[in-house]
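To keep things clear, I will list the structure first and then write my remarks on it.
The values are calculated or read from the model by the stated rules, or taken from the named source; none is laboratory data. Computed from a predicted model, the values in this text were never measured in an experiment. Cβ placement follows ideal geometry from the backbone for every residue including glycine, while neighbour counts extend to all protein chains displayed.
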Amino acid sequence: MVSRISILLACVVGVCSASTDTLPNNFPILNRAGTVATFSADGFVNLDNKFHSPVGANGRACESCHLPQTGWTSPRSQEREDLVAFLQAP
């Protein structure tokens, strides 16, 4: 979800690619420490692959837990609880 929001923001500021299924290299994503960015030798992060697609019976994608704002790692339990609370808020 966060990566799709980042794509939207990238398009608003005019740095998105022709495809909305990519994230430009070094696009800043906010986190608790400030910002983080991802770099790929391809020149962009491909958001249209199995890592970003729902798999299995629970319908979650890898990116459901491995977030761009944590460098695609799994957040610590408190950060995960904060994210769940945010997503479940009305």
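Structure values in brief
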{"quantity": "Matching residues in the stretch 55-73 - criterion: being under 19 Å from Q88 (Cα atoms) and exposed (fewer than 13 other Cβ atoms within 10 Å of the Cβ)", "calculated": "N58, G59, R60"}
{"quantity": "Lone unmet requirement of (1) within 14 Å of the chain's Cα centre (by Cα); (2) at pLDDT 85 or above for P75", "calculated": "(2)"}
{"quantity": "Close pairs from the stretch 23-48: first on the phi > 0 side of the Ramachandran plot and hydrophobic (A, V, I, L, M, F, W, C), partner outside any loop (DSSP other than H, G, I, E, B) and surrounded by 11 or more Cβ atoms within 10 Å (Cβ to Cβ), Cβ under 8 Å, at least 6 apart", "calculated": "none"}
{"quantity": "Test result for G43, modelled with pLDDT of 90 or more and exposed (fewer than 13 other Cβ atoms within 10 Å of the Cβ)", "calculated": "yes"}
{"quantity": "Residue, modelled with the highest pLDDT, within the stretch 17-39, restricted to residues that are in contact with a strand residue (DSSP E or B) (Cβ under 8 Å, 6 or more places away or on another chain) and among the small types (G, A, S)", "calculated": "A37"}
